[in-house]
Every structure is written in C-alpha cells, then in structure tokens.
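Working notes, structure below.
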C-alpha cells in the first residue's frame, strides 16, 4: 500500500510532515504513528485502520519468526557467517577451507589465546578472509561470538 493511498484525508501540511517523517522512522514506528493519527476524529477511515493493524500484526509475526530462528541458532538471512556459503534462500552449506579457519580460531580460543593473538596466528598460518585478505581482530571476534551457531550447524 502506498503512502498516497493512506493519506487521502490529510491536509497538505500534514501530508508533507508524514513524508518527511518517513525518512527518519522505522516501519513499526510509522504504523504506530498512523494508528494514533487514524484514531483522531475525522481522520482516515476504518478500512485504513484495519490495513495498518494487519501490517503491524505481520511485522510482529515476522519478527517473532526471526527471533525463534536466532534462538535455535538457525540462519535468518543476510550475509552468511564466515565458514558458510549461500545455496538458496534459507539454506547454507559449509565451505571447507573457511570451516577449517573457523575450527582453528575456536581451537586457539579454547587454548586461552587472546583475540589479537588468535588474529596474528591465523594470519601467520596463511588463513584468509573471503576476499583473500588477512584477518582483522573484528572479523575474528565475529567468528568467536558465533560459536553456538557454528556448533549447531556442523562446524566444531
């Protein structure tokens, strides 16, 4: 649904205000604002209110599904974690050379090495990022923080 369809009853100043606000707020905040505005007497009809409530309900449902996947250490979309390649919409496959790097980083952490030491050792041993470059501590940190995800998805 386009903004034009939602704002037929708004005066010009309010319409411009809503357009400007869209650049600054999240979709969820927009729905809340629109619902509040729609509840004022003389503004937006009940049909639009129902549409806004449905959008908010779907948004909350999508957020709940994503959160459940995270808790189960499943892939939720976006760039795949280091050690995996994207096969299809919701399916990842282990990339063997990257998985070896992940295992080595986790092993070094288990041995008590600090983040900077792990980074230096990985680089000294010839491990590289997806782009074929040396590791930075921030990249290694991301790997180490994903330990449960790796474990749940076959890289240990």
Next item on the list: Which order do the peptides 86-99, 140-153 take when ranked by the mean count of other beta-carbon atoms within 10 Å per residue, highest first?
Entry: 140-153, 86-99
Margin query: Cβ neighbours within 10 Å, averaged per peptide: list 100-111, 124-135 in order, most packed at the top.
Written below: 100-111, 124-135
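For the range 103-156, just say rounded, prolate or oblate: build the C-alpha gyration tensor, square-root its eigenvalues into a ≥ b ≥ c, call rounded for a/c under 1.5, and beyond that prolate if a/b exceeds b/c, oblate if not.
Values: a/c = 1.80, a/b = 1.30, b/c = 1.39.
Oblate, since a/c reaches 1.5 and b/c is not below a/b.
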Check: What is the gain in length, in nm to one decimal, between residue 107 and residue 91 on full extension, counting 0.36 nm per residue of separation less the C-alpha to C-alpha distance?
Finding: 3.1 nm
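Readers should treat all values here as calculations from the given coordinates under stated rules, not as data from a laboratory. All values derive from a computational prediction rather than experimental measurement. Neighbour counts are summed over all protein chains in view; Cβ atoms, including those assigned to glycine, are modelled from backbone coordinates with ideal geometry.
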